[in-house]
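Since the structure comes first, as structure tokens, the remarks are kept for the end.
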Amino acid sequence: MAEDFGEGSTAGMDEYETLMATTDVELLKTALRNEKAAPEILQFQAQLVKRAREQIQLMEETVEEFEQSGMDPLTVSLYQMDLDRAQFLLRSYLRVRLQKLEKYMFYIWKNDSLRNRLSEPEKIFVKRCIDDMEKHLEETVLSKLPDNYQSARRQSIISEEDDMVPEPQLDTFVACKSSNRFVSLTLVDSERPLEMERHDVSFVLYKVIKDKIGVDVDLV
């Protein structure tokens, strides 16, 4: 029995270390940095998040198995640190996205391309936030204003666009680095492109490189 259990523990450790040897933790770090630095919501990394959750579940099972088998406490603590780090990265990534959804929910919901960047749970969250916000404003403020000013999105009925909806500032400057290849960027009001080699860091307008994030460049 003890021998069988020991073999099971070894197999579990091998499986765990094989998963940890992948780059998913680094990819999650990159996704978090990109999301934090970008002024707008980025594409939800569905497959990465799915793999991260699966790895976290395996890590939790591995730590529990080690504790029950009387594994050296130092070894257990090292595995627990890896688990804590993975959980922190995943929670931080999801939290940053939620903050953007709360701030720009009206803008995101009316923009098809931005709305398609959300996961299904995020879409449900945004829709509920919008419904709750509109209901709250209607009951507390808008219903008491003249008819011309009862919109939650426009200052008055003569406004031609949603001038009360916060929008991300795409004209802001961001720091970016070339990911793993030579990159040539076309700059605004410049005849010469910006050429970046691997790991070069430059400050550029976000809107210039927004379509290249996660492909040719990453934000820092």
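Taking first residues from segment 207-220 that are in contact (Cβ under 8 Å) with a residue 40 or more places away in the chain and partners that are surrounded by fewer than 16 Cβ atoms within 10 Å (Cβ to Cβ) and of a type in the set (A, V, I, L, M), the Cβ contacts under 6 Å between residues at least 6 apart in sequence or on separate chains come to 220/175.
When you look at residue 157, is it closer than 20 Å to residue 40 by Cα and not assigned by TED's automatic domain parsing to the domain that holds residue 35, yes or no? Spelling it out, it is not the case that residue 157 is closer than 20 Å to residue 40 by Cα and not assigned by TED's automatic domain parsing to the domain that holds residue 35. Do we have any residue at all in segment 127-147 that's within 19 Å of residue 31 (Cβ to Cβ) and either touching a Lys or Arg at 6+ places or on another chain (Cβ under 7 Å) or modelled with pLDDT of 95 or more (or both)? Checking segment 127-147: not a single residue is within 19 Å of residue 31 (Cβ to Cβ) and either touching a Lys or Arg at 6+ places or on another chain (Cβ under 7 Å) or modelled with pLDDT of 95 or more (or both). Consider segment 78-109 and keep the residues that are surrounded by 14 or more Cβ atoms within 10 Å (Cβ to Cβ) and polar (S, T, N, Q). The one that is modelled with the lowest pLDDT is 80.
Counting only strands (runs of 3 or more DSSP E) that sit completely within segment 123-218, those holding 2 or more residues that are surrounded by 15 or more Cβ atoms within 10 Å (Cβ to Cβ) and of a type in the set (A, V, I, L, M) correspond to 183-185, 194-196, 201-205. Could you check residue 114 against (1) at pLDDT below 85; (2) surrounded by 10 or more Cβ atoms within 10 Å (Cβ to Cβ) and say which number it fails? So residue 114 meets the others, but not (1). For the condition at pLDDT below 95, out of contact with any Gly (no Cβ under 7 Å at 6 or more places or on another chain) and buried (at least 16 other Cβ atoms within 10 Å of the Cβ), residue 45 does not qualify. Among the candidates 179, 119, the residue that is within 22 Å of residue 32 (Cβ to Cβ), in contact with a strand residue (DSSP E or B) (Cβ under 6 Å, 6 or more places away or on another chain) and not assigned by TED's automatic domain parsing to the domain that holds residue 37 is uniquely 179. Taking segment 107-122 as the range and being in contact (Cβ under 8 Å) with a residue 60 or more places away in the chain and in a helix (DSSP H, G or I) as the test, the residues that pass are 107, 108, 114, 122. For the criterion of being under 18 Å from residue 40 (Cα atoms) and touching a Ser or Thr at 6+ places or on another chain (Cβ under 9 Å), residue 201 fails.
The values are calculated or read from the model by the stated rules, or taken from the named source; none is laboratory data. This one's a predicted model, so the numbers in the text were calculated from it and none came from an experiment. All Cβ positions, glycine included, derive from the backbone under ideal geometry; neighbour counts span all protein chains shown.
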